[in-house]
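In what follows, a structure is listed as structure tokens, so that the remarks can point back to it.
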Amino acid sequence: MDPSVKAVYLTFDDGPIPEATPFVLDTLAHYGIKATFFVVGDNVRKYPELFHRIIDEGHRVGNHTYNHIGGFRWLSKNYLRNTKKAQELIQSFTPAKGETLNSLFRPPHGWMRPLQYRIIRRKGYRIVMWDLVTRDYSKRLTADEVLDNVKRYARNGSIITFHDSLRSIAKLKKMLPAALEWLIAEGYEFRVFE
């Protein structure tokens, strides 16, 4: 994003799930911060109340496929079908006022074939990657090391990726408030994608 603006874009991948998403939402609400959630369609199906809460609290949502599948491991037609299935479910929760909730897409693991990319772009999605993946899911990193990743690599325009997932929640509980406080102290504004 624009490197001349002291702003960051917080994103959370892989939810919503009851073990992690409520903590993330409560923490963001405490600091008055909005974020973008790249949701897995099957999790939306299983936990629609959490999906509604994300929307009701003013956060942005994006498509992260229905089953969190990587583009290189699937035939393009199957990958695109899985993405469409997630989109249809997400759109089924569109508020009655008719606004479109989702034109954002993030490929799981950041992988997709060129054909998948071209077709998804042609369908009107904005594909959102990142420049700072916190690695909060890694068994090799401590919460302090994840926080250090944020401090070391955040810069103007950064798209910062966290995960509201089982593998990340223990670290998030320890480091997410500290990361937000550090970003605030550094003077960063928090933005969501238009």
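The values are calculated or read from the model by the stated rules, or taken from the named source; none is laboratory data. Fair warning: this is a prediction, and the values are worked out from it, not measured in the lab. All Cβ positions, even for glycine, are placed from backbone atoms using ideal geometry, and neighbour counts span all protein chains on display. Side chains included, ligands, DNA and RNA excluded: accessible areas come from the protein's heavy atoms. Shrake-Rupley method; radii C 1.70, N 1.55, O 1.52, S 1.80 Å.
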Taking Cα atoms, the helix 143-153 axis meets the longest principal axis of the chain at an angle in degrees (rounded to 10) of 80 degrees
Quick shape summary for the chain, equivalent ellipsoid via Cα gyration tensor, semi-axes whole Å in descending order, reads 26, 18, 17
Kirkwood-based Rg/Rh on the Cα set of segment 105-194 evaluates to 1.02
Non-local residues with an amide H under 5 Å from the amide H of TRP111, with H modelled 1.01 Å from N and Pro and chain starts lacking one, are GLY71
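Using heavy-atom solvent-accessible surface (probe 1.4 Å) with all chains present, what is the largest-first order of LYS85, LYS174?
Details: LYS85 105, LYS174 155 Å².
If we order LYS85, LYS174 from most to least accessible, we get LYS174, LYS85.
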Binned at 10 Å from zero, the C-alpha pair distances of segment 15-107 give percents of 17, 49, 28, 6, 0
Rounded to the nearest 500, the 222 nm mean residue ellipticity computed for the chain from DSSP H runs (n ≥ 4, each -39500 (n - 2.57)) alone is -12500 deg cm²/dmol
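Give me the dipole magnitude in Debye, nearest 20, for the chain about the Cα centre, with unit charges on the beta carbon: positive for Lys and Arg, negative for Asp and Glu. All intermediate terms of the calculation are to be shown ahead of the outcome.
Working: 30 positive and 21 negative charges, 214 e Å.
It comes to approximately 1020 debye.
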Quick tally, 1.4 Å probe accessible area for LEU115, LEU141, LEU10, sorted with the most first, runs LEU115, LEU141, LEU10
Once amide hydrogens are built 1.01 Å from N within the peptide plane, the residues lying 5 or more places from LEU104 or on another chain with amide H under 5 Å from its amide H are ASN63, ARG126
The lysines whose Cα lies under 30 Å from the Cα of LYS171, excluding any fewer than 8 residues away in the same chain, are LYS6, LYS34, LYS46, LYS139, LYS151
Residues whose built amide H sits under 5 Å from the amide H of VAL133, excluding neighbours closer than 5 in sequence, are THR161
